[in-house]
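The values are calculated or read from the model by the stated rules, or taken from the named source; none is laboratory data. Here the structure is a predicted model, which means the values were calculated and not measured. All Cβ positions, even for glycine, are placed from backbone atoms using ideal geometry, and neighbour counts span all protein chains on display. Only protein heavy atoms, including side chains, enter the accessible area calculation; ligands, DNA and RNA are left aside. Shrake-Rupley method; radii C 1.70, N 1.55, O 1.52, S 1.80 Å.
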Amino acid sequence: MSADDEKTAETTAAQPEPGQKPVSLSEANRKTTPKERQRAFFILFVCLLSVGMGQTLVFAVLPPIAVDLGMTEFETTMIFSLSAALWILTSTFWGRRSDVMGRKPVILIGVFGFGISTSLVGVVLLAGYLHWISMALMFPLVMGARAIFGIFGSGSMPASQAYVADRTTRAERAGSIAQIGAAFGLGTVVGPGVAAAFAEIHILAPFFAVGALALLSGIAIWILLPERTAPVKLLSEKQQKRAALKWTAPNVLPWLTIGVILSLSQSIMMQLFAFYLMAELALGGSAATQLVSVGMMAMAMSTLVAQLGLIQRFDLTVQFLLRWGAVATLLSFAMLVIGGSYGMLVSALALAGLGFGFLRAGLSAGASLSVSLKDQGAVAGLIGSTAATGHILNPAIGIPLFWMLHSAPFMLGMVLMVIILCFAIFHPVLKNLRSTDANIADDEEEEIGLH
């Protein structure tokens, strides 16, 4: 039998006759081998690496370009804010669509959307540099190009997390999802370096380089990522008839609350650290920029150590990740409040990177383990939508506090970490995490999780 015939037979087997229950995975499809899953996860790693690079690349490159072209700080901020707002609105939609369409199509929509958006931003800015279009036209075109990322690019992360959840056992899930998060984190680390390297060619070259990388990643996913059956076809009739997951569900709402708290905490740290360092050490200009860059690099590297090193090596539980992540981040905020020296501030960022690395992995894995396989895409989308909320809340909360007292936002961060720590110790959704399987038996999940 040829490969095409085998594939056709597999697809036919997955479709039940009218009135019959869907056949099990082992009857419909041969299982993917560990080697195939390892290859698939590596492809997703590269995919999300490029998305992470694109995020920090835009933050690093767009502001000086905007100044050159005469755009105001407000206009530049609006470009970022629009993308973040659209990400929040669409992430949940794409997560749910991946439960029906399949993970692979939604991942492709997200990656190609990101690649097209980044490339179009470069094209519009190039047209502005060459005076082919006026500023009055360039600004809305850049907004529109970046909006493509917010609308379509938001699908890549929740669909990728759900793809991994479909193909891992409960015991493997925390570490595997941490790898996905680490890919994005690694991209944010190398993004500024890539931007600096390609900027030597032309200031707009980073946009086209990362856009091309995203498109190549999409082609690799299209050709090499295995997904023989859409998730909904792997479920029993009883599961298919269950109501769709709601954000108010008792096994979902606590995780969304923690996601918003975590996002606000990270935004306080990321957006206000530079201002705090300049105020504490009486620095400004290029000297402050260099010192802040070193601190942010230390933070990013600590996150990678947590997600690619410690979590993988020691197979840490969700409870451990949330508890000790909250403790580490609480201490880092306290060190910022104490301040006093550059060494103290950089050490605080490094400790925060470790804490946030634990917390992000624990949040994603805990939410995944709290729902059934039917709802993996939906819950990943809901959790993904909380990631950008901090960028919207912090200007209204953190910045006014900073104006009142420079250390006040970090005091708020300490309070937020205490809330997460109490959640990790006392909330029943954590206590029941291992005993409850969201109405799916463990042996059934193991079967589905390895297709």
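Of the solvent-accessible surface of segment 286-404, computed with a 1.4 Å probe and all protein chains present, 73% belongs to carbon and sulfur.
Length gained on full extension, residue 143 to residue 408, computed as 0.36 nm times the residue gap minus the Cα-Cα distance: 92.1 nm.
On the beta carbon distance between residue 33 and residue 81, with R0 = 41 Å, the FRET formula returns roughly 0.35. One decimal place: the segment residue 319-residue 344 gains 6.1 nm when fully extended, by the rule 0.36 nm per residue minus the C-alpha distance. The residues of segment 288-341 present an accessible area of 46 Å² per residue when probed at 1.4 Å with all protein chains retained. Here the peptides 335-344, 204-213 are ranked by packing, the mean other Cβ count within 10 Å, and the order with the highest first is 204-213, 335-344.
If a spin label sat at a point 7 angstrom from the Cα of residue 396 along the line to its beta carbon, no backbone N atom of segment 409-423 would be nearer than 17 Å. The label point for residue 135 and the one for residue 200, both projected 7 Å from the Cα toward the Cβ, are 3.3 nm apart.
Judged by the ratio a/c of the largest to the smallest principal axis of the C-alpha gyration tensor, segment 126-198 counts as oblate, that ratio being 1.5 or greater while a/b is no larger than b/c. Projecting label points 7 angstrom from Cα along Cα→Cβ for residue 425 and residue 169 puts them 3.3 nm apart.
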